[in-house]
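J.: Quick one: this structure, given as structure tokens, is what I'll be asking you about.
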Amino acid sequence: MNMTVVNHHLSVGHIAIGGVASASLVLIGDSETIQLASAFDTPPESLIIGPFPQKQNNKKNEEKR
Amino acid sequence: MSRLSVVHLLKANAVSFSSVVQVGDSQHIRLSGRALAVQRQFEYVDSNEFPLAFPIFTKLIPLPPVDHEHVCRYTLHDCPLIAVHSIRIIGVSSTSVVHIGSTKNVEAESRVKHIRQLTERRERHARSRRSD
């Protein structure tokens, strides 16, 4: 495949960014390959309602001592 | 030949969790980050409570494939300059890059799991609300 790219004058005034997060890229320049991947997990089972099992175990350990 | 990047002012407030602010050219950038965010009603912290063994931390994320087809590219830099007067960034977090200059390969992987833990009292409250 043949391809011709002509880069003309490129001038930017001000860039205001709130946040760059989770495998993101802000690039002022040229690049060959970019591979960015992000996984985010908040399924319903991530919501735990109830007592704190670890905390109870700690209490038991303290009682043993 | 790559272009020249000219930035007069860069202001970044916070750069955290495996992030990079790169000024100048680079060849390879590879970033990897794992985060487990536990939010709970009670103030209780134990770093060994949850081992990082959730599937989200081990599952393979299919990366966008790099096309290996040979491309005969001819690039003409009519103006070999990328000029930016000012950049204002509040936060850079979780395997992110702010790059001024040219690069070759960038690979980044971020895995984040959120867990929320609420007390039983709140559940009862929610149940009573539901019955209403």
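J.: Any residue in segment B:47-57 that is among the acidic types (Asp, Glu), closer than 28 Å to B:Ile100 by Cβ and facing chain A (nearest Cβ under 10 Å)?
T.: No, that holds for no residue.
J.: Restricting attention to segment B:57-106, which residues are assigned to a loop (DSSP other than H, G, I, E, B) and surrounded by 16 or more Cβ atoms within 10 Å (Cβ to Cβ)?
T.: Of everything in segment B:57-106, those that are assigned to a loop (DSSP other than H, G, I, E, B) and surrounded by 16 or more Cβ atoms within 10 Å (Cβ to Cβ) turn out to be B:Ser94, B:Thr95, B:Ser96, B:Gly101, B:Ser102, B:Thr103.
J.: Taking B:Gly91, is it at positive phi and either at pLDDT below 95 or touching a strand residue (DSSP E or B) at 6+ places or on another chain (Cβ under 7 Å) (or both)?
T.: Spelling it out, it is not the case that B:Gly91 is at positive phi and either at pLDDT below 95 or touching a strand residue (DSSP E or B) at 6+ places or on another chain (Cβ under 7 Å) (or both).
J.: So how many residues does segment B:25-55 have that are small (Gly, Ala, Ser) and at pLDDT 90 or above?
T.: Final tally of qualifying residues: 4.
J.: If you scan segment B:1-46, which residues turn out to be touching an Asp or Glu at 6+ places or on another chain (Cβ under 7 Å), within 9 Å of chain A (Cβ to nearest Cβ) and charged (D, E, K, R)?
T.: Correct list: B:Arg3 only.
J.: Let me ask another. If B:Arg116 meets every condition in (1) more than 20 Å from A:Ala39 (Cα to Cα); (2) modelled with pLDDT under 95 apart from one, which number is that one?
T.: So the condition that B:Arg116 fails would be (1).
J.: Could you please give the count of residues in segment B:1-56 that are assigned to a loop (DSSP other than H, G, I, E, B), within 19 Å of the chain's Cα centre (by Cα) and buried (at least 16 other Cβ atoms within 10 Å of the Cβ)?
T.: Looking only at that region, the number is 4.
The values are calculated or read from the model by the stated rules, or taken from the named source; none is laboratory data. These numbers were taken from a predicted model, which means no experiment stands behind them. Don't worry about glycine lacking a Cβ; one is built from the backbone with ideal geometry, like all the others, and counts go over all protein chains shown.
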